[in-house]
Amino acid sequence: MAAAYLVHRLLPAVPMLTAAVVLGLLAAHLPSVRRLVRGAARPGLSLAGRRLMRLGIVLLGLKLSLGDVLGIGWAAVAVVLTTVAATFLGTWWLGRRIGLPGDQPLLVAAGYSICGASAVGAVGQARDSDERDAATAATLVTLCGTLAIVALPLLQHPLGLADEAFGRWVGASVHDVGQVVAAAQTAGDAALGEAVVVKLMRVALLAPLVAAVAVAARARRTTAQATT
């Protein structure tokens with residue numbers, strides 16, 4: 001974090017969160033640091049990556065109000081809902097089509113369409129998925145979201161997107177909340193505000209998705225028990 005802060009101070013065009021992600025990836029693959037990451041530092045890193053990140057998401061969620069949602073317009077709300085539905089169903093269908101094993105198609109679809117690894121974990125628990133399927137899906141979703149932090153800001157100006165439009169695009173397409181913040185802040189506060197609102201709308205859809213998956217899983221278990 002200190003190094004990322006210094007990088008941002010020396011190069012203001014490089015956002016602090018983006019620098020932190022890049023430096024973290026590089027540090028974790030250094031031979032000497034890798035042993036520390038997998039050993040003594042693992043409990044603290046797990047706490048930061050799970051509970052503290054979720055706390056940050058909750059704090060961001062407290063900023064979302066009905067006025068914020070209505071402020072982006074009904075057309076944008078419809079686009080978000082359509083995007084989530086199309087991404088979830090399309091990714092699920094494609095995952096099954098290419099033969100991903102177990103619950104991986106469902107978990108990857110949930111991660112891509114809702115909120116990254118958090119959605120993978122929530123849906124995996126509701127589905128009682130195999131840990132290997134959940135780990136594979138979370139890794140794939142995190143990798144793609146991390147690449148988006150670098151790729152999307154580079155595409156803003158070639159695509160001719162205004163800051164607000166870019167923020168909505170990031171909020172509707174990037175997987176994890178932290179990744180959305182890291183990518184959107186490159187275009188300023190206006191883009192970040194739009195991205196957070198759109199992203200939190202997607203996060204709000206996690207609860208009904210998990211409920212539907214849990215009901216379907218329970219029905220499947222009941223049917224299996226009846227047939228045996």
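The values are calculated or read from the model by the stated rules, or taken from the named source; none is laboratory data. Owing to the predicted nature of the structure, the values given are computational and were not obtained by experimental measurement. Methodologically, a virtual Cβ is constructed for each residue, glycine included, from the backbone with ideal geometry; neighbour enumeration extends over all protein chains shown. Each accessible area value is taken on the protein alone, full model and side chains, heavy atoms only, with ligands, DNA and RNA left out. Shrake-Rupley method; radii C 1.70, N 1.55, O 1.52, S 1.80 Å.
Which order do peptides 74-85, 117-128, 166-177 fall in by mean Cβ count within 10 Å, highest first? All intermediate terms of the calculation are to be shown ahead of the outcome.
On the way: 74-85: 13.7, 117-128: 21.7, 166-177: 25.6.
Packing order, densest peptide first, comes out as 166-177, 117-128, 74-85.
Positive-end ranking of V177, T227, P158 along the dipole of the chain, with charges on Cβ about the Cα centre, is headed by T227.
Put T146, T222 in order of accessible area, highest first, and with a 1.4 Å probe you get T222, T146.
For the stretch 131-197, the square roots a ≥ b ≥ c of the C-alpha gyration tensor eigenvalues yield an a/c of 1.5 or more together with a/b exceeding b/c, which makes the shape prolate.
If only the Cβ of Lys and Arg carry +1 and only the Cβ of Asp and Glu carry -1, the dipole of the stretch 55-226 around its Cα centre is close to 540 debye.
For the stretch 142-228, the Cβ-based charge dipole about the Cα centre amounts to some 660 debye (Lys, Arg positive; Asp, Glu negative; other atoms uncharged).
When volume of the Cα convex hull per residue in Å³ is computed from the coordinates, the matching label among (1) 122; (2) 114; (3) 157 is (3). Per residue, the average separation of C-alpha pairs within less than 8 Å and at least 6 apart gives the chain a relative contact order of 19 percent.
Averaged per residue, what accessible area in Å² does the chain show with a 1.4 Å probe, protein chains only?
On the way: 13270 Å² over 228 residues.
Here the residues of the chain average 58 Å² of exposed surface.
Applying the Karplus parametrisation 6.51 cos²θ - 1.76 cosθ + 1.60 with θ = phi - 60° to the phi angles of the stretch 137-152, what ³J(HN,Hα) value in whole Hz is obtained for each residue in order, glycine and proline being reported as x? After applying 6.51 cos²θ - 1.76 cosθ + 1.60, I find 5, 5, 5, 5, 5, 5, 4, 5, x, 5, 5, 5, 4, 8, 6, 5 Hz.
Largest GNM mean-square fluctuation among A217, A40, A148, using the chain with Cα springs under 10 Å: A40. Probe radius 1.4 Å, ligands and nucleic acids ignored: give me the carbon and sulfur share of the accessible area of the chain as a rounded percent. Accessible surface attributable to carbon and sulfur in the chain totals 67 percent.
Could you tally the net charge around R168, taking each other residue with its Cβ under 11 Å from the Cβ of R168, Lys/Arg +1 and Asp/Glu -1?
On the way: positive: K199; negative: D163, E164, E194.
Net charge in that neighbourhood comes out at -2.
When C115, C144 are compared by accessible area of protein heavy atoms, the largest-first order is C144, C115, using a 1.4 Å probe.
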